[in-house]
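Written out below as structure tokens is the structure these notes cover.
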Amino acid sequence: FDWWRSFAIPRQMDMERSKESEVENHSISNGIALAPEVTAAAEKLGVKAELPQVIAMTQVVFPGDAVRVEIDDDPEIADDRHLAIVVRATTESVEQLVATQWQWHEQLFRCCPAPLTSIFRLATESAS
């Protein structure tokens, strides 16, 4: 039984619909402008529909912190590409940052099908 196929067919239809309504400047509704290469990578990785939801969830988990999306290519493994959700965190302690990172990972499974969660990576930077 190929459990992942249940996601592939509906996702292909969603991708075809999203191509028809693609916005030229590649920005999304929650205020994060995406570089064309990020949008192209998200489409190639099959997560273009989930990306806005992941960004919105990140903005809820890290309220008020700057968020951007970057392509993360593994230097040691050919064709191992991910989308890094980079947050400039303003947490007050290491314990708070770790707890918030755990919350982000838990929420990722609520806004993204499990087989696609490995495409997203959380990266935090210190705001200070």
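The values are calculated or read from the model by the stated rules, or taken from the named source; none is laboratory data. It should be emphasised that the depicted structure is a prediction, and the values quoted were computed from it without experimental measurement. Using ideal geometry, Cβ is built from the backbone for each residue, glycine included, and neighbour counts are taken over all protein chains shown. Note: areas computed on protein heavy atoms with side chains; ligands, DNA, RNA excluded. Shrake-Rupley method; radii C 1.70, N 1.55, O 1.52, S 1.80 Å.
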Problem set entry | Scan of segment 105-122 for residues that are under 11 Å from the mean Cα position of the chain (by Cα), open to solvent by less than 50 Å² (accessible area, probe 1.4 Å) and not β-branched (V, I, T), ordered by number | L108, C111, C112, L116, F120, L122
Problem set entry | Flag if R11 is buried (at least 16 other Cβ atoms within 10 Å of the Cβ), part of a helix (DSSP H, G or I), among the basic types (K, R) and at pLDDT below 95 | yes
Exercise. From the residues in segment 82-97 that are open to solvent by less than 80 Å² (accessible area, probe 1.4 Å) and over 20 Å from A33 (Cα atoms), which one is modelled with the lowest pLDDT?
Worked result: T91
Problem set entry | Close pairs (8 angstrom Cβ cut-off, 6 or more residues apart or separate chains): free of Cβ contacts under 8 Å to residues at least 40 places away in the same chain in segment 31-51, open to solvent by less than 20 Å² (accessible area, probe 1.4 Å) and among the hydroxyl-bearing types (S, T, Y) anywhere | K48/T39
For this session: Only one of these is open to solvent by less than 40 Å² (accessible area, probe 1.4 Å), at pLDDT 85 or above and among the charged types (D, E, K, R): D79, D65, D74. Name it.
Result: D65
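In this structure, is T100 without any contact (Cβ under 8 Å) to a residue 24 or more places away in the chain and open to solvent by less than 40 Å² (accessible area, probe 1.4 Å)?
Details: without any contact (Cβ under 8 Å) to a residue 24 or more places away in the chain: no; open to solvent by less than 40 Å² (accessible area, probe 1.4 Å): yes.
So T100 does not fit the description; no.
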For this session: List every residue pair whose Cβ atoms sit under 6 Å apart, with the two residues 6 or more apart in sequence or on different chains, where the first one lies in segment 109-128 and is acidic (D, E) and the second, anywhere, is open to solvent by 60 Å² or more (accessible area, probe 1.4 Å).
Result: E125/R88
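I'd like the full set of residues that are crowded, with 21+ Cβ neighbours inside 10 Å and of a type outside the set (V, I, T), limited to segment 35-47.
Pass one, segment 35-47, residues crowded, with 21+ Cβ neighbours inside 10 Å: 41-42, 47.
Across segment 35-47, the qualifying residues are A41, A42.
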